């Protein structure tokens with residue numbers, strides 16, 4: 001009995017305390033689940049006509065961007081697939097988009113103001129970064145506790161027909177108070193599993209120490225850090241571009257396994273720098289590979305291996321992003337995550353209304369008694 005009272009107290013006051021944080025995280029999460037799709041619909045420069053042509057190598061596209069923006073510092077070359085323009089990062093915060101078949105610049109864009117705003121809310125609650133990071137991180141931790149305490153409160157005392165109906169069905173024809181209670185109780189249960197995954201993966205992103213604990217508990221072994229650099233320091237700049245093109249070709253023909261034409265290519269700044277490739281950008285995961293600039297062979301310790309070859313702890317670390325945003329199972333899990341995020345955003349509202357209704361109900365007799373005393377006086 002004491003445990004139930006403590007659990008109910010925790011659920012009530014932790015819920016009231018973290019309500020705004022959970023609401024914002026849930027609502028912004030709904031939008032961010034479909035960020036790639038929304039960007040694709042609203043950004044015509046992302047699409048090009050492949051028409052069966054061969055893509056141009058990264059050196060050609062990089063030098064095209066360099067001519068268009070001679071005073072800017074460029075970063076990686078990102079091939080998004082056969083029917084998409086290539087994006088080259090322009091430091092500090094913009095992109096130049098180039099047609100990979102014609103080397104024509106199709107757009108120069110800064111980061112989306114809308115999605116930047118949404119991400120600022122999701123990451124930091126629109127507060128200064130250091131403060132907001134802690135607020136959203138600990139808000140997520142409280143949400144995880146609320147989910148567990150909510151399951152305890154939801155659990156029926158007896159598994160009879162009436163209890164099952166109350167626990168699994170929303171009584172839509174009932175009065176508002178009952179419908180609101182069912183929305184909190186029933187929908188909260190249906191979204192529980194996904195919400196727990198969202199909270200858990202969010203905690204891994206928020207707190208390094210939490211990720212380290214998960215890594216250790218799942219049998220993770222810390223790998224020795226090595227300096228990743230090319231053996232040769234005699235690669236000329238003109239030769240560098242040629243080696244980058246060869247590395248790109250190796251990436252899309254020999255290294256990548258999923259969505260091979262989607263690849264990120266790093267342009268080395270010095271002869272001792274490796275050529276970094278990111279391949280297998282598939283369902284929210286990716287694989288990094290570092291190639292020696294001279295030999296084009298993988299540098300030991302410069303990559304992170306194929307997903308299927310990873311130990312459990314390493315797999316969890318690599319899959320965490322895909323698990324958090326719903327990409328891990330494609331469009332099906334994205335839809336499920338969207339619904340679960342929306343329900344999560346609604347829980348503080350329905351929970352507050354339940355508390356407010358009970359509060360008014362408790363205070364009603366006191367008001368009535370005061371009126372009776374006044375009439376007697």
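Structural remarks
- Choice from 358, 229, 318 showing the highest fluctuation, given a GNM over the chain with Cα pairs closer than 10 Å: 358
- Relative to one another, the C-alpha centroids of segment 238-313 and segment 158-205 are positioned 45 Å apart.
- Where (i) -0.51, -0.64, -1.22; (ii) -0.56, -0.68, -1.26; (iii) -0.39, -0.49, -1.23 are the candidate values, the label of the one calculated here for log10 I(q)/I(0) by the Debye sum over Cα atoms at q = 0.08, 0.09, 0.14 Å⁻¹ is (ii).
- Helix 2-33 and the long axis of the chain differ in direction by around 40°, with both axes built from C-alpha atoms.
- Within a Gaussian network of the chain (alpha carbon springs, distance under 10 Å), most fluctuating of 120, 257, 37: 37
- Size of segment 195-350 as Cα extents on the principal axes (Å, biggest first): 66, 32, 26
- Cβ-based exposure ranking for 2, 55, in which fewest neighbours within 10 Å come first: 2, 55
- Estimated distance in nm for a label pair at residue 321 and residue 112, the labels positioned 7 Å out from Cα along Cα-to-Cβ: 1.7 nm
- The relative contact order of segment 243-360 comes to 16 percent, based on Cα pairs under 8 Å that sit 6 or more residues apart.
- Relative frequency of Cα-Cα separations exceeding 16 Å in segment 1-85, percent: 74 percent
- Fraction in percent of alpha-carbon pairs per bin - 10 Å, segment 119-179: 19, 26, 22, 23, 9, 0
- Under a Gaussian network description of the chain, with springs only between Cα atoms under 10 Å, the residue in 219, 137, 266 that fluctuates furthest is 219.
- Largest-first ellipsoid semi-axes for segment 136-286, taking √(5λ) over the Cα gyration tensor eigenvalues, angstrom: 53, 19, 13
- Relative to the longest principal axis of the Cα atoms of the chain, the long axis of helix 331-376 lies at roughly 30 degrees.
- The ranking of 179, 98 from fewest to most other beta carbons within 10 Å of each one's beta carbon is 179, 98.
Throughout, read-outs are computed from the coordinates displayed, never taken from laboratory work. Only a predicted model underlies this, so the values are computations on that prediction, with no experimental measurement involved. Glycine gets a Cβ as well: all are built from the backbone with ideal geometry, and neighbour counts include every protein chain shown.
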